[in-house]
Amino acid sequence: MAKVVIIGIPDEAGLWLADLNAGTVTPLNPTGDLATASSLRKSGGTFVKGVDLAVAVSSAQVALSGHVDG
């Protein structure tokens, strides 16, 4: 199973690469098919593959408390 996730959130222009094994998150400059998928975001599109849960929350404190903003 992959331990690396590419993340893009609304109002954040760039993409981020989260390496779960290393515990790091770094900016990612997409190329190729990933750049094409990323460009869909500009018009409000969403691309999801191989993720079974993703929730954007307002802060780490919210996530650590077990709550989901809503």
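The values are calculated or read from the model by the stated rules, or taken from the named source; none is laboratory data. This structure is a prediction, so every number in the text was calculated from the model and none was measured. Note that each Cβ is placed from the backbone with ideal geometry, even for glycine, and that neighbours are counted across all protein chains shown. For the accessible areas, the whole protein counts, side chains as well, though only heavy atoms, and no ligand, DNA or RNA atoms are used. Shrake-Rupley method; radii C 1.70, N 1.55, O 1.52, S 1.80 Å.
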Query raised in the report: Which one is nearest to Asp11 (Cα to Cα) among residues in the stretch 56-68 that are within 17 Å of the chain's Cα centre (by Cα) and of a type outside the set (A, V, I, L, M)?
Result: Ser58
Query raised in the report: Inside the stretch 21-48, can you point out the residues that are loosely packed, with under 11 Cβ neighbours inside 10 Å, hydrophobic (A, V, I, L, M, F, W, C) and within 16 Å of the chain's Cα centre (by Cα)?
Result: Val48
Query - Among (1) at pLDDT 95 or above; (2) touching a strand residue (DSSP E or B) at 6+ places or on another chain (Cβ under 7 Å); (3) over 24 Å from Asp69 (Cβ atoms) - the single one Gly32 does not satisfy - result: (2)
Query raised in the report: Among Val51, Val62, which is the only one that is open to solvent by less than 60 Å² (accessible area, probe 1.4 Å), free of Cβ contacts under 8 Å to residues at least 60 places away in the same chain and not aromatic (Phe, Trp, Tyr)?
Result: Val62
